[in-house]
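The structure under discussion appears below in the form of structure tokens.
Throughout, read-outs are computed from the coordinates displayed, never taken from laboratory work. Just so it is clear, the structure is predicted and the values come from calculations on it, not from any experiment. Cβ placement follows ideal geometry from the backbone for every residue including glycine, while neighbour counts extend to all protein chains displayed.
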Amino acid sequence: MSKIIMLNRRQILTGAGALLAAPALLRATRASAADATFKIGYVSPTTGPIAGFGEADGFILEGVRKAFAGLTNNGKPVQVEIIAKDSQSSSNRAAEVATELIEKDGVNLLLASATPDTANPVADQAELNEIPCITSIAPWQPYFFGRNGDPAKGFNWTYHFFWGLEDVIGNFISLWDKSGVAKKVGGLFPNDADGNAWGDPKLGFPGPLEKAGYALTDPGRFQLMNADFSSQIAAFKAAGVEIVTGVTIPPDFATFWSQAGQQGFKPKVVTVGKALLFPSVIESLGERGDGLSSEIWWSPSHPFSSSLTGESSRQIADGYTKTTGKPWTQPIGFNHALFEIAADVIKRAADLTDPKAVIDAVAATDLKTLVGPISWKGGPANPVKNVVRTPLVSGQWQKQGDKVELVITNNSQYPSIPVGGELKLLS
């Protein structure tokens, strides 16, 4: 497949000589651009159904641009340009803007964030065009296997850091074990990369839940922006479900939760990935947002600091709130960490004009970041080549005064991240 795509790109050049020279011409263009400026392309969703993942990007980019002003490469000053593009919450758009960044803007390094819908197509374009790429905020299984990755080979140009399904499943089960409710779970798994991975019999929730004594009711995949969850709700009620889990976009969860209330379905625990990450979503649910639970990848309580600015997790979260007037949000940590790694690579790369030297520096990363240690050198945190697993805990949105705040209630997999309260059943 990759050879066919490359041939189509080369067809824009005329003559046999030009055809043979195409790769060299492309590399020369990138190198000449890099002589003056090292260009970083950054792709994330700032509009569309998953725009919450990019909500803090303006704050993050302002901070890292200031920090990048004094960067050096092996002692020599480096001018860095960051070009940000909106994926519009669309995998097709993510691939388009990645191609623009590579072919039009001549970037030396690609960064991408926020679910497989953005991370995967950007990484695919980088791999195809032999451009160094670092991605995050997508569980590693849908990132790696969703791109047809071979554990024995990995990828050549694309590296990733985030937690995996084993981490979120372990956190959810631990959270539910402490709740004391019946072990009857209803699954909301959409027909997208995340939903298919979470609901997969081998990679996802079914096997581990059964092993832990939980009965899973999975009514099947539904399309994104679904308007009617009556069949799922009916199946959950018939099975006596007391726990609801899954991985949905915010609009789908809002529809489900509203219809669940209308149809008299009252689970005691609702722990859903993706949709329940953001303060804005919880606020939009009103009183029915209180008590919902989710995974927690980063918070002000995380005991990590930025290698780029020296600020602690608490300081960066407080800085965001002070600057924007909004509560902290989880993607801040990982989107900031992408640029920490980029800065570290810029400092160490043997030749910033050579893509191979840049990707070699990426592969050699061993850095303590805002989201924990990142190293692709091999070890327990590397389940497959090109992937680093990061710490994960879980918790609940709890009303505290006139606000609903995300409280860590389970740290079984990473005890150094402190808990802030206990899980409460939904009333």
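Quick notes on this one:
- Three-way shape call for region 180-297 based on the alpha-carbon gyration tensor, with the a/c threshold at 1.5: rounded
- A cut-off of 5 Å between modelled amide H atoms, ignoring neighbours fewer than 5 places along the same chain, links Val407 with Gln396, Trp397, Gln398.
- Structure remark: mean-square fluctuation, Gaussian network model of the chain, C-alpha springs under 10 Å; the largest value among Gln330, Gln396, Gln262 belongs to Gln262.
- Peptides 113-123, 333-343 ranked from most to least packed give 113-123, 333-343, packing being the mean of other C-beta atoms within 10 angstrom over each peptide's residues.
- GNM result for the chain, Cα springs below 10 Å: residue of Asn74, Asn410, Asn386 fluctuating most strongly: Asn74
- Restraint check, Lys76/Lys104; Lys202/Lys356; Lys153/Lys368, Cα-Cα greater than 30 Å: Lys202/Lys356
- Once the Cα atoms are used to define both axes, helix 331-348 deviates from the longest principal axis of the chain by about 20 degrees.
- Scanning residues 5 or more positions from Tyr42 or on other chains, those with amide H under 5 Å from its amide H are Ile83, Ala84, Lys85, Leu111, with H placed 1.01 Å from N in the peptide plane.
- Among Gly199, Gly246, Gly58: highest mean-square fluctuation, GNM of the chain, C-alpha pairs under 10 Å: Gly58
- By the rule of a C-alpha distance below 16 Å, with chain neighbours fewer than 8 residues away ignored, the aspartates and glutamates paired with Lys66 are Asp57, Glu81, Glu311, Glu340, Asp344.
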